[in-house]
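Comments concern the structure below.
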Amino acid sequence: MAVIDQFLGQRVEVPDTFRYQIKQGLWAKKTDSMITFGLTQPALVLMGGIKDIEGLVKSGVTVKAGSPVIFAITKKILYIDTPVTGIIQYNKGINEKSIPIGEDPYGNGWLFQVQPQGNMDEVYGALSTHADYIESLRATDGCKNPSGLIGGVSGMCKAVYSGIGNQKL
């Protein structure tokens, strides 16, 4: 388990036993004939948490890799795509709003499962490794702004926030 103590002002964990879909910050875990997907703690921190979530297709439907399967409201509107082709099943607790995703993202807070088409080991192995996901985080605002300073770390943001603070209204 990798632990980042200062990631946008928060402590986050990234399990080393999972695979990852880097672009959207999804973790993946093999369970029997399914691959379970959820949002990583770093992704949730960068999104500002999940305010609302809804499945876009019905459980039991075959979905294609890259197809949007979840609509989420974070600090903005977000569509989450499935990384693999197969039959989808949603976490009923997420759809019923009874499980807060941020409280247990690597356990009960999983989003959906897919029974992949093709060879399970090949499909799962095509997802990114733990090391690749950790490396990708270095380029995010979470690592560039470890203390979580308002206004971020870019020169433009700092100038805007400084200018706002100095205005006389």
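The values are calculated or read from the model by the stated rules, or taken from the named source; none is laboratory data. Since the structure is predicted, the reported quantities are computational estimates derived from the model, not experimental observations. All Cβ positions, glycine included, derive from the backbone under ideal geometry; neighbour counts span all protein chains shown.
In the range 85-99, the qualifying residues are those that are modelled with pLDDT under 95 and in a loop (DSSP other than H, G, I, E, B), and the one that is surrounded by the most Cβ atoms within 10 Å (Cβ to Cβ) is Asn91. The single condition from (1) in contact with a strand residue (DSSP E or B) (Cβ under 6 Å, 6 or more places away or on another chain); (2) not in a loop (DSSP other than H, G, I, E, B) that Gly102 fails is (1). Taking the numbered list (1) among the charged types (D, E, K, R); (2) without any contact (Cβ under 8 Å) to a residue 12 or more places away in the chain; (3) within 17 Å of Asn108 (Cβ to Cβ) in turn, Lys29 passes all entries but (2). Within the range 52-84, if we keep just the residues that are of a type in the set (Val, Ile, Thr), without any contact (Cβ under 8 Å) to a residue 40 or more places away in the chain and part of a loop (DSSP other than H, G, I, E, B), the residue that is nearest to Leu26 (Cα to Cα) turns out to be Thr74. Applying the criterion of being assigned to a strand (DSSP E or B) and within 14 Å of the chain's Cα centre (by Cα) to the residues of the range 31-51, the residue that is surrounded by the fewest Cβ atoms within 10 Å (Cβ to Cβ) is Thr36.
Scoring Gly86 on the criteria (1) small (Gly, Ala, Ser); (2) under 28 Å from Gly148 (Cβ atoms); (3) in contact with a strand residue (DSSP E or B) (Cβ under 7 Å, 6 or more places away or on another chain) leaves a single failure, condition (2).
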